[in-house]
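Heads up: the structure comes next, in structure tokens.
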Amino acid sequence: MAAFQYGADAVYLGMQDFSARADAGNFSPDELRTLLGVARKASVPRKVYVAVNTLVREEELPRLISLLAQLEAIGVDALIVQDLAVVQLVREHFPRLPLHASTQMAVHNAEGVLQAQRLGFTRVVAARECTVSELEAMCAVPGMEIEAFIHGALCWSYSGLCQLSACLHGPSGNRGECTYVCRNRFQIQDEHGRLLDTCCPCSMKDLALGEFLPSFARAGVASLKIEGRKKTPLYVAAVTNYYRKMLDHSFQPGEETQAELDVKTIFSRPWTQLFASSQRVGEVTDPRTTGPRGIEAGVVARVRRTADGDFLRFTVRNRPLEKHDGLQLELPGEERPWGFGVNEIHTFTQGGQERRSTVFEARPGTIVEVPLPSPHPEIPVGTRIFCASSQAVKRRYSWPEPRISLDRERTPLQFQIDVTPRCLRVQTNRADGTFLAETILNPQEPLAPARNPDALEPSVREAFARLGDTPFVLDSLTLHNPQNLFLPRSTLNELRRMAAEDAQEALERTVQQCVSRATSAVQEWFPTPEGLPRPAWSIKIDRPHFLDLLHTDLLASLEEVVFAIDRTPAQDLPSVLEALAERVGRDRIRISLPVICRHGGPHDWRSLLPSLVAAGWNRWELGNLGTFDILHAAGVTPDNADLTADWSLYTTNRLAAKAWLSLGLRRVALCPEDLPENWERLATALGDRLTVIAWQHPVLARSATCLNASLHGGCVGRRTCTFTTMRMTGPRGERLLAVNDRCQTILLQDSPLEASLHDLYDAGARRFRADFLWKDHAPLQIRDVMVRLTKSI
């Protein structure tokens, strides 16, 4: 309601299942109908998008099907989606639901937009890391809309590619249960074990791109997105007002500054423009303090101690201070600000406290004292003070409450009523004329002719318009009463009640039939097996020398070697691959493309791939939507190449696997963050079309930010930067390894993750792989791990 009141064209929200904010209040179906009613009755109709944007486990598919059937029946304007199970279900069973690709899909280039279009999406919510020029290229894809974030909290990792919460603590950020590991304080050591810092190096500032609205408009961005979930209505009102007026150029003189201060007062970390102008920006994190601050209200001049308590003295800055405002202080050594409410305000002149007076409001420039709560921490002179709650701001914004019974979206019905002396028959149709239900009422006594035939139809229409608390509204009514028989009001009311009940039962029956059909179709689908008679092993590496100590017979027994090209200089790649082919055989090498392939990055993969294809390389592993079309542009298709999916094309249920296999991929891979019991269900369903990553140091996050730049407040320069790896230890003993990926950062789990191979083999898994990536693994360790694993089953 607050968003609509202050100019939002659309809102997005989550239901109580499959929402990427699982611990938010979220919406019931009835609340959703109410909001849809508000949106569609507005003078300029608004839209409501539902985020079904989590990964879905195998056992949850029936619940997902029920939710999608409900949402299609309710008639939401679009779904925002991450898991391809939702895409598969919508295409096959719920085609009236438009699809938007969530930012959780990490679409960051035009190729990703093209592939999303082929999957049936009409809009892509771009990765927050995209520059304006990258957005412009994405907007150039005909027939697709691009939505870009302009304000809100930022994830340290590319959204959808973070497994920090799931792998370290259990709850998954990709399932709406993020524990915000990236906001924590870490001890950071260099590769030699020297302590570099203790801070919050991954805690991001808040995105604020008001200055880029003209650039976004020129680029062709269709929708500007503000993160508003898990915020207060007051925040939503203020931030929507700020960007609506900025977009419309409707600020009055001085109003823009006030509106910006309002947003910062209600909830704000320091603001950043992230990578809107360049892929290389240093100061995007806030490593010293976590949590919102507000706006600066002053600096501590003195803490005066008296018999009546302690008082904090400072000069008010930026905007007036009122009684009952809330203040926060950034205290040295503390991770979060300390705050208290202002119960009194004392002002005095430079002459001293003898001329002190108590006021309700103090203007900027006024020297004030406010009483401190007891007890309170030590507060040094010079500490910055922030106003984090303002009574004036709260008074400035208001919004209407929804009227549940009046605002609820209702289904329009057509009634066709036939009257004979002993039978009343109602055919109820949808607004488009399709049949819904038939209702018959037989009066106890034959109906008699009406004394006033002209009043019959208005009387019937009035009775059927009174649909009360039902989910229906009268669209049209046709009365066929050739004998002009009188219809008592009680009879009409009973007939209307019965018709409404029959219509509701028919709608519910239609939904249930659709649910049953979809559920049966899901349970009956299994991929065609490739017929592996025994376990097949492969290895994934990013350094050729990792194979140096593998015995000849072990190397010969591997089904394939997957080579990740991320860490090989582009100019060296052809010769590196040829050398690898001499050892392993070209027909057993699969090339794994980088998950993130950005224009203007350190490697121009797009110009390199055609030469690799021309050289005969035709086995590829994909990890992002964009890699489909990057390969396609180089002449690679499922018809002339062997394509597989890595774990970052998430497969946590059989329908996601069905979607990937229908695109021509041969196999999918289990993702590290999933649960062992779900791995076993997928092993049973997918068999040898599934690859189990048996041993790995999981990539927990991929970030476009440089960890070293976060520690130093900006880039130290490539010539002087010594960052290769850093070790990070979290507050709960979490141990991570940060790897410099050409000024971006890869976070690895420091200890290996090993799957329960016997359980997975017994469940039906036949393909297994060990991954040795990003770390400088010792070839001896690799040999020992591979020998142990391959002998275990």
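The values are calculated or read from the model by the stated rules, or taken from the named source; none is laboratory data. All figures in this text were calculated on a predicted structure; none of them were measured in a lab. As a convention, Cβ positions derive from the backbone with ideal geometry for all residues, glycine included, and neighbour counts pool all protein chains shown. These accessible areas exclude ligands, DNA and RNA; they are computed on the full protein's heavy atoms, side chains included. Shrake-Rupley method; radii C 1.70, N 1.55, O 1.52, S 1.80 Å.
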Checking the condition in contact with an Asp or Glu (Cβ under 9 Å, 6 or more places away or on another chain), part of a strand (DSSP E or B) and either more than 14 Å from Leu164 (Cα to Cα) or open to solvent by less than 10 Å² (accessible area, probe 1.4 Å) (or both), which residue from Leu760, Leu736, Leu747 passes? Leu736
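Would you point out the residue of segment 161-178, among those that are more than 22 Å from Gln16 (Cα to Cα) and not in a loop (DSSP other than H, G, I, E, B), that is least open to solvent (accessible area, probe 1.4 Å)?
Per the criteria, the residue is Leu164.
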Among the residues of segment 255-293, write down those that are open to solvent by 50 Å² or more (accessible area, probe 1.4 Å) and either among the small types (Gly, Ala, Ser) or part of a strand (DSSP E or B) (or both). Trp271, Ser277
Criterion: in contact (Cβ under 8 Å) with a residue 40 or more places away in the chain and open to solvent by 80 Å² or more (accessible area, probe 1.4 Å) - qualifying residue of Arg408, Arg396: Arg396
Name every residue in segment 565-607 that is among the aliphatic types (A, V, I, L, M) and surrounded by 15 or more Cβ atoms within 10 Å (Cβ to Cβ), in order of residue number. Ile565, Leu573, Val576, Leu577, Leu580, Ala581, Val584, Ile589, Ile591, Leu593, Val595, Ile596
Before we move on, is Asp83 under 20 Å from the mean Cα position of the chain (by Cα) and open to solvent by 30 Å² or more (accessible area, probe 1.4 Å)? no
Evaluate segment 707-729: report whether one residue or more is closer than 21 Å to Asn174 by Cβ, in contact (Cβ under 8 Å) with a residue 40 or more places away in the chain and open to solvent by less than 10 Å² (accessible area, probe 1.4 Å). no
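In the set Thr684, Thr651, Thr691, Thr637, which member is open to solvent by 10 Å² or more (accessible area, probe 1.4 Å) and either part of a strand (DSSP E or B) or touching a strand residue (DSSP E or B) at 6+ places or on another chain (Cβ under 7 Å) (or both)?
Just a single option satisfies the conditions, and that option is Thr691.
One residue is enough: does segment 28-41 have a residue meeting the conditions open to solvent by 10 Å² or more (accessible area, probe 1.4 Å), under 22 Å from Asp83 (Cα atoms) and in contact (Cβ under 8 Å) with a residue 60 or more places away in the chain?
no
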Exclusive hit being in a helix (DSSP H, G or I) and under 23 Å from Val699 (Cβ atoms), set Leu573, Leu555: Leu573
Is it true that Arg118 is charged (D, E, K, R), closer than 15 Å to Arg702 by Cβ, out of contact with any His (no Cβ under 8 Å at 6 or more places or on another chain) and at pLDDT 95 or above? no
Residues Thr684, Thr691, Thr720: which one is modelled with pLDDT of 95 or more, out of contact with any helix residue (DSSP H, G or I) (no Cβ under 8 Å at 6 or more places or on another chain) and on the phi < 0 side of the Ramachandran plot? Thr691
Quick one: would you say Thr528 is in contact with a Cys (Cβ under 7 Å, 6 or more places away or on another chain) and either at pLDDT below 95 or closer than 30 Å to Phe121 by Cβ (or both)? no
In segment 294-334, anything of a type outside the set (A, V, I, L, M), under 30 Å from Ala709 (Cα atoms) and buried (at least 21 other Cβ atoms within 10 Å of the Cβ) is listed as Gly294, Gly298, Gln328
Out of all the residues in segment 475-528, which are open to solvent by 20 Å² or more (accessible area, probe 1.4 Å) and hydrophobic (A, V, I, L, M, F, W, C)? Leu479, Phe486, Met498, Leu507, Val511, Ala521, Trp525, Phe526
Any chance Phe27 is under 23 Å from Thr470 (Cα atoms), under 17 Å from the mean Cα position of the chain (by Cα) and aromatic (Phe, Trp, Tyr): yes
Just checking, which of Arg63, Arg118, Arg123, Arg96 is within 19 Å of the chain's Cα centre (by Cα) and open to solvent by 10 Å² or more (accessible area, probe 1.4 Å)? Arg123
It is to be established whether one or more residues within segment 773-782 are among the β-branched types (Val, Ile, Thr), farther than 30 Å from Val281 by Cβ and assigned to a helix (DSSP H, G or I). yes
Exactly one of these conditions fails for Glu145: (1) surrounded by fewer than 24 Cβ atoms within 10 Å (Cβ to Cβ); (2) in contact with a Cys (Cβ under 8 Å, 6 or more places away or on another chain); (3) more than 15 Å from Thr285 (Cβ to Cβ). Give me its number. (2)
Please pick out the residue among Ala73, Ala22, Ala42 that is under 14 Å from the mean Cα position of the chain (by Cα) and modelled with pLDDT under 95. Ala22
Restricting attention to segment 189-215, the residues that are touching a Cys at 6+ places or on another chain (Cβ under 9 Å) and within 24 Å of Leu261 (Cα to Cα) number exactly 2
Can you tell me how many residues within segment 418-472 are surrounded by fewer than 17 Cβ atoms within 10 Å (Cβ to Cβ), touching a residue at least 60 places away in the same chain (Cβ under 8 Å) and in contact with a helix residue (DSSP H, G or I) (Cβ under 8 Å, 6 or more places away or on another chain)? 2
